[in-house]
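Everything on this sheet refers to the single structure shown next.
The values are calculated or read from the model by the stated rules, or taken from the named source; none is laboratory data. Computed from a predicted structure; not experimentally measured. Glycine also receives a Cβ, built like all others from the backbone with ideal geometry; neighbour counts cover every protein chain displayed. Ligands, DNA and RNA are excluded from the accessible area calculation, which covers all protein heavy atoms including side chains. Shrake-Rupley method; radii C 1.70, N 1.55, O 1.52, S 1.80 Å.
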Amino acid sequence: MQVPLEITFRGMSSSTYVEELVRKRSAKLEEFCDHIIRCRVVLERPNAHPRSRSNWRVRIDLTVAGNHEIVVDRGQMNGTIRDDLYDAINDAFDAAQRRLKRLNEKQHGNVKVHPEQLPSGVIDKLFGDYGFIRDIDGRDIYFHAHSVLNDEFADLEVGMAVAFVEEAGDEGPQASTVRIVDRRHGRRSGSDLTP
């Protein structure tokens, strides 16, 4: 971390054991994401009364390079009630760890892609009520406006990535179902589509 860890105690006195657990868990976060800039942890005992058994609130604010903010707030207001402070801390850090892991995967392009989200061609030519898709192998595949899902034929533009189901037509291969996968425009070649 570029900025030292900040730990704040509210409605309770500070504890060496609690501080050590927070430091240990925040150091573990850096194993999942090595570009954390700042980590602030607030430990609070709302409605603290000497004779009452009140619940704990743990809030973790992380600032990650790339202008990303991750906030985890575990307490009575969001339904996560913990009688044990150590459980509350571990629960909050587990949630922060999951969010950091997802952010890290997203930043490194390791997000799971489902087969139906992968493009199988790009719109190559458009005419009145039909067009041609250039598939990954460079072949031209005919399609009709009725083959485009969600009545989106009018939204199609040359260069858009699409997924389609190919079938044999009277005059060669044709797409029976066409779905827009990527609405960005511009010419793409078949080599641009390989995963």
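Table for the structure above
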{"quantity": "Index of the failed condition, R74 passing every other in (1) surrounded by 15 or more Cβ atoms within 10 Å (Cβ to Cβ); (2) out of contact with any Ser or Thr (no Cβ under 7 Å at 6 or more places or on another chain); (3) farther than 30 Å from F164 by Cα; (4) at pLDDT below 90", "calculated": "(2)"}
{"quantity": "Qualifying positions in segment 1-19 - open to solvent by less than 40 Å² (accessible area, probe 1.4 Å) and over 16 Å from F93 (Cβ atoms)", "calculated": "V3, S15"}
{"quantity": "Pairs, first farther than 15 Å from G121 by Cα in segment 134-162, second open to solvent by 20 Å² or more (accessible area, probe 1.4 Å) and of a type in the set (D, E), C-beta under 6 Å, six or more apart", "calculated": "A145/D129"}
{"quantity": "Whichever residue in segment 2-24 is among the polar types (S, T, N, Q) and in contact (Cβ under 8 Å) with a residue 24 or more places away in the chain and, among such residues, is nearest to G66 (Cα to Cα)", "calculated": "Q2"}
{"quantity": "Test: residue in segment 119-133 that is at pLDDT below 90, of a type in the set (D, E, K, R) and either open to solvent by less than 80 Å² (accessible area, probe 1.4 Å) or in a helix (DSSP H, G or I) (or both)", "calculated": "no"}
{"quantity": "Members of segment 8-33 that are over 28 Å from the mean Cα position of the chain (by Cα) and aromatic (F, W, Y)", "calculated": "F9, Y17"}
{"quantity": "Strands (runs of 3 or more DSSP E) wholly inside segment 135-195 containing at least 1 residues that are at pLDDT below 85 and open to solvent by less than 80 Å² (accessible area, probe 1.4 Å)", "calculated": "161-169, 172-182"}
